[in-house]
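So the structure is just underneath, and the comments pick up after that.
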Amino acid sequence: MTTLQRTLPVAHLAAADALLVAAACLIPAASHLTAAPLYMLNPMLALLLLGLLLGRRAGLQLLNGLVLAVAMPLLSSLLVGMPVVEKLPCMVAELAVVAGGYALLSRRMAALPAILLAALAGKGVYYALKALLMPAATLVGTDWTVQLLALLLWGGLFALAARRTESQR
């Protein structure tokens, strides 16, 4: 493989990541403008999963996932104010655990159980950090049922897409 062939997918991946980060900033703004509680659907998880799929095609799944895990919440917090600064480390850690967990687990199991386990571990880390960093705050703001349904939706769609990209290899 030539250098040009290797850099083209990376350049495309970087452009796609820029769009994912922009979406991560626009979704909270749209939520405030429309009064729709889009945060309940865990949109950063959905965007991270897209980034994992795209990173997989470029051979940079873990690295791309970790970059997005930091960049999306950080830039969204700085530009839009969501997540609030106090929750920022919680969200970065959650998304990083999802990216790292999926990268490790997907080597040993199918995409759906791998992403569900990684996302549940990420949620555990999120709530543990939130309890430590924000003890006075309400621990769970979004109903567990809604969180589980969003996880099943994004995880199911991710598993279908991952299977499809795997069959195209």
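Things to note:
- Taken together, 91, 40 contain a single residue that is touching a residue at least 60 places away in the same chain (Cβ under 8 Å) and closer than 25 Å to residue 114 by Cα, which is 40.
- Residue check, residue 146 in contact (Cβ under 8 Å) with a residue 12 or more places away in the chain, in contact with a helix residue (DSSP H, G or I) (Cβ under 9 Å, 6 or more places away or on another chain), in a helix (DSSP H, G or I) and surrounded by 18 or more Cβ atoms within 10 Å (Cβ to Cβ): no
- Residue among 132, 116 that alone is of a type outside the set (S, T, N, Q), surrounded by 12 or more Cβ atoms within 10 Å (Cβ to Cβ) and not in a loop (DSSP other than H, G, I, E, B): 116
- Helices (runs of 4 or more DSSP H) contained entirely in the stretch 1-82, each with at least 3 residues that are farther than 22 Å from residue 105 by Cβ: 3-34, 61-80
- Looking across 101, 141, 124, one residue alone is more than 23 Å from residue 19 (Cβ to Cβ), small (Gly, Ala, Ser), touching a helix residue (DSSP H, G or I) at 6+ places or on another chain (Cβ under 9 Å) and not in a helix (DSSP H, G or I). It is 141.
- Matching option when the condition is under 24 Å from residue 130 (Cα atoms) and in contact (Cβ under 8 Å) with a residue 24 or more places away in the chain, among 80, 85: 80
- Total residues in the stretch 83-98, condition within 9 Å of residue 44 (Cβ to Cβ) and either over 15 Å from the mean Cα position of the chain (by Cα) or not in a helix (DSSP H, G or I) (or both): 1
- Taking first residues from the stretch 54-77 that are free of Cβ contacts under 8 Å to residues at least 12 places away in the same chain and partners that are among the aliphatic types (A, V, I, L, M) and not in a loop (DSSP other than H, G, I, E, B), the Cβ contacts under 8 Å between residues at least 6 apart in sequence or on separate chains come to 77/85; 77/88.
Readers should treat all values here as calculations from the given coordinates under stated rules, not as data from a laboratory. Every value quoted in this text rests on a predicted model; they were computed, and no experiment measured them. Neighbour counts are summed over all protein chains in view; Cβ atoms, including those assigned to glycine, are modelled from backbone coordinates with ideal geometry.
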